[in-house]
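Worksheet: the structure to be examined is printed underneath.
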């Protein structure tokens, strides 16, 4: 049981966990093939070489930049030109960190090709077992995500729609993580108090910090063990570890 009080001290009223919410991308679902595999294939088409590990590291650094920008001001609230600039910067960081030096024109071209790919989505292997066990324990389960489209068909196709009672997106609420309103809407629908809910995500700034600011308990999912420096919140490498936090 995660026990804590309204002011997060160790005294006062104790709250039992009643709801567990999840981020979407890289928490519940991933691309198959992965982004690094797809980018490697595109680079090879231009005669450029980079290892999967180098590209993966580049994406990690670029993602950190992207989510810091998202935490500063959600992209959905920015002009289209500014959003495009940030996506280009993300691609530039990825390539630079992977040891690939290209022109701005080629960077933009690679980004365009990546965005045109028919990206398939798949569940991580630990998703169904973890969600099933949590639901059997009587917990309310849900997803809170920054997406600009209806994700119900994705959940239906992947077989997890029946496991999630609450699905909240930035598209429908008009707010994106780390803004508190999107977390508060999920709490309202679940009819639970903030200290009675856990939120699990793969990004510290928008997932953990955002959830904590809304009064929930933020948990960092660090599948590749790349955030060892984060010590101010629970950090897990698999969704199977959630049960140990209850």
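Quick notes on this one:
- Distance in nm between pseudo-label sites at residue 81 and residue 222 (7 Å out along the Cβ direction from Cα): 4.0 nm
- Here the chain carries DSSP beta bridges of which approximately 15% are antiparallel, counting only pairs with both residues inside.
- Note on the chain: GNM, Cα springs under 10 Å; of 112, 174, 47, the largest mean-square fluctuation is that of 47.
- Degrees between helix 52-72 axis and first principal axis of the chain (Cα, 0 to 90, nearest 10): 60 degrees
- Degrees, to the nearest 10: 104-116 long Cα axis against longest axis of the chain: 50 degrees
- Using C-alpha pairs below 8 Å separated by at least 6 residues, the relative contact order for the chain is 24 percent.
- Cα gyration tensor, the stretch 34-116 - rounded (a/c under 1.5), prolate or oblate: prolate
- Relative contact order (%) - criterion: Cα under 8 Å, at least six apart; region: the stretch 34-116: 36 percent
- Cα gyration tensor shape for the stretch 53-95, rounded if a/c is under 1.5, else prolate or oblate: oblate
- Order of 82, 49, 36 under a 10 Å beta carbon neighbour criterion, fewest first: 49, 82, 36
- In the elastic network of the chain, a GNM with C-alpha springs shorter than 10 Å, the most mobile of 27, 169, 85 is 85.
- Three-way shape label, the stretch 96-170, alpha-carbon gyration tensor, a/c 1.5: prolate
- For the options 44, 92, 179, a Gaussian network treatment of the chain with springs between C-alpha atoms closer than 10 Å singles out 44 as fluctuating the most.
Computed from the coordinates by the stated procedures, all read-outs in this text should not be read as laboratory data. Just so we're clear, the structure is a prediction, and the values are computed from it rather than from any experiment. Quick reminder, even Gly has a Cβ in these numbers, built from the backbone with ideal geometry, and neighbours come from all protein chains shown.
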